[in-house]
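Notes follow the structure.
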Amino acid sequence: MNKIDSNEAVILEAVRTAFGRRGGALRNTRPDTLLATALEALVSRSGVQTSMVGDVLAGCVSQAGEQGGNISRQALLVAGFPESVPGVTMNRMCGSSQYALHAAVQAVGMQDMDFAIACGVESMSRVPMFLDMTLGQHDFTGFDNLHPDLVKRFAIPHQVESAELIADHWSLTRSQLDDYAVESHARAKAARDAGLHAEIIPLPGVDKEGNTITLDRDEGIREVIDRVRMDAMAPVFRSAETGKVTAANASQMSDGAAAVLVGRYGAAIELGFKPKAKFLARVVLGSDPVMQLTGIIPATRQALVKAGLTINDLDWIEVNEAFASVALAFEREFKPDTAILNPWGGAIAHGHPLGGTGAGLMAKMLSGLRHVDGELGLQVMCIGHGMATATIVQRLD
């Protein structure tokens, strides 16, 4: 392991809530409560003094209703942080909390502060997706209210259609997408049943009848996949003859939150913290707004170059499964060992609480690297309107 500079930013702890299905166990839990729960758990596990935290940077996509009004600041106060701790909420769509992590690293690495928290949240049960765009006047069906000059330049479709375009471009069949989805559930179930998710914090929820339960595992993972029923599902938008993307091979709408503690290495060591990981590359870039979800390919290439690595050097690859076609396109381009590509399944199985997923995947990947005694991990996420975030970390613990 290379020597770490005392001013380098490192990850000290990372946690996430179990992810609940939309309308499921967390349907009665406010999003600010979800985020506060993650923050409380992060502080408890790490032992950091809340007064030492220089900033709380949160990702959240639909910043309206209970997720409006800078949910970061509200949640940290609910969590009992002192009023001196500031908070900011940012929206880079699906990459929001992964980018919040990048921003926290920048703040710590530039010595603006010794400790910062990157986090994220989304309650898709209580705040409908893109409520900030629809103002509750209608369901979100696409970016039909974008600036006319923008849509003249780029005919930006719904992300489902972009996923279809990706399937077309890489000659992916409906059967291949469904096969991938089945494998995602199988891997997620195996990891869950083996109790491998050390990053998950349990939290109160309710069952179908409204009785109080403890949710300590991702709710969306299916015990058994009915392949006949899956095969019979209609495509989301396209006709049965041309469509391949269905609800079964796309990510699940979910409720959840996650948080990551970043610290300056020298300050952390002096206070007795044990760093979990250091950063080898952080990337954010723009890509084709029509294909929209292919930015993970150039982002991965750029991250590997920055880290001085190849795809074969990695021990764990976490590609957000917004759609099966996205993950399969990544597989076609890079040809990684499929055993290390989403080893514990992905968002098709465990869900995708938009603003909370980025920090959640980092927490998950760090647990995974420790379990397999791996050293190098890549996390990469596609983003709406054509963007992507990528992070490569080196495990230290």
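Would you mind putting 225-234, 155-164, 269-278, 107-116 in packing order, based on average other-beta-carbon counts within 10 Å, highest first?
Put in order of decreasing packing, that is 155-164, 107-116, 269-278, 225-234.
Given the chain, what percent of its DSSP beta bridges are antiparallel, to the nearest 5?
DSSP beta bridges in the chain are roughly 70 percent antiparallel.
How much accessible area per residue does segment 1-89 have, in Å², with a 1.4 Å probe?
38 Å²
Work out, in µm²/s and without decimals, the Stokes-Einstein translational diffusion coefficient of segment 226-360 at 25 °C, 0.890 mPa s, Rh from Kirkwood over C-alpha pairs.
So the translational diffusion coefficient is about 141 µm²/s.
Where Rh denotes the Kirkwood radius from the mean inverse Cα pair distance, what is Rg over Rh for the chain?
For the chain, the value is 0.95.
Over the Cα atoms of segment 155-238, compute the convex hull volume and normalise it per residue, giving Å³.
Cα-based convex hull of segment 155-238, divided per residue, equals 174 Å³.
With axes computed from alpha carbons, what is the tilt in degrees of helix 31-46 against the longest principal axis of the chain, rounded to the nearest 10 within 0 to 90?
40 degrees
Could you compute the FRET efficiency for ASP226 and LEU271, with r as their C-beta to C-beta distance and R0 at 41 Å, rounded to 0.05?
That gives a FRET efficiency of 0.20.
Please state the relative contact order of segment 242-397 as a whole percent: Cα pairs under 8 Å, 6+ residues apart?
This gives 42 percent for segment 242-397.
I'd like to check one number: the per residue accessible area of segment 154-294, probe 1.4 Å, reported in Å² as a whole number.
Ligands and nucleic acids excluded, the figure is 46 Å² per residue.
Can you send over the carbon and sulfur percentage of the accessible area for the chain, probe radius 1.4 Å, protein chains only?
So the carbon and sulfur contribution to the accessible surface is 49 percent.
Quick check: convex hull of the Cα atoms in segment 308-387, volume per residue, rounded to a whole Å³?
Roughly 101 Å³ of hull volume per residue.
How large is Rg/Rh for segment 32-178, to two decimals, with Cα atoms and a Kirkwood Rh?
1.07
The values are calculated or read from the model by the stated rules, or taken from the named source; none is laboratory data. Quick caveat: nothing in here was measured; it's all calculated off a predicted structure. With ideal geometry, Cβ positions are generated from the backbone for all residues, glycine too; neighbour counts draw on all protein chains shown. The protein model used for the area step is the full one, side chains on, heavy atoms only, and it has no ligands, DNA or RNA in it. Shrake-Rupley method; radii C 1.70, N 1.55, O 1.52, S 1.80 Å.
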